[in-house]
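Please treat every number below as a calculation from the coordinates, not as lab data. Keep in mind that what you see is a predicted model, and the values were worked out from it rather than measured.
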Amino acid sequence: MRTLPPGKCDDEPVERSLKVYSREPNAAWIAHSGGAGIGCVALRMLDVETARIERLFVLEEYRGRGIGLALCRTAVRFAHRRAYSRVVLDTLPDMVEAQALYRSLGFVESEEPDWPGCSDADRIYMVLQFKE
């Protein structure tokens with residue numbers, strides 16, 4: 001049985017990272033197949049209006065099946081139900097498929113991110129603003 005790989009996210013083991021995100025008001029979800037974790041996404045609450053999608057990951061052999069989309073939709077719906085005004089994220093320029101996934105959910109690029117933790121010049125920043 002396979003589980004999520006013991007890889008690192010910002011020098012932090014995935015398992016420990018998800019434990020942090022699982023604490024309120026943050027949230028984390030893991031997609032499973034046959035009892036094994038095959039993907040994950042986390043949502044960090046930055047302030048009273050802003051939630052940030054982080055740690056989206058799907059095992060390579062499960063990509064292209066809509067799992068990443070389903071995980072992101074779950075995170076976005078969770079933020080919306082919690083009355084956050086927007087969801088933000090960052091991604092790398094070469095992650096073209098991820099950018100298309102985010103755009104399909106309504107995210108748009110942000111030239112000047114105005115949320116905490118945005119200092120990397122090599123990132124693409126995106127925002128989904130909920131309508132009132």
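Once you have the Cα-Cα distance between residue 123 and residue 77, take 0.36 nm times their residue separation minus that, and quote the gain in nm to one decimal.
Full-extension gain reported as 14.1 nm.
Under the 0.36 nm per residue contour assumption, what length would be gained going from the current alpha-carbon distance of residue 22 and residue 92 to full extension?
The residue 22-residue 92 span can extend by a further 22.7 nm.
What ³J(HN,Hα) values, in whole Hz, does the Karplus curve 6.51 cos²θ - 1.76 cosθ + 1.60 give for the stretch 93-102 when θ = phi - 60°, with x put for Gly and Pro?
x, 7, 8, 4, 5, 5, 4, 5, 4, 5
Where the Cα atoms of the stretch 65-106 are projected onto their three principal axes, how long is each span, largest first, in whole Å?
Between the extreme Cα coordinates on each principal axis of the stretch 65-106 lie 32, 22, 12 Å.
Go through the stretch 57-72 residue by residue and turn each phi into a ³J(HN,Hα) via Karplus (6.51, -1.76, 1.60, θ = phi - 60°); whole Hz please, and just put x for glycine and proline.
3J(HN,Hα) across the stretch 57-72, in whole Hz: 8, 9, 3, 3, 5, 10, 6, x, 10, x, 5, x, 4, 5, 4, 5.
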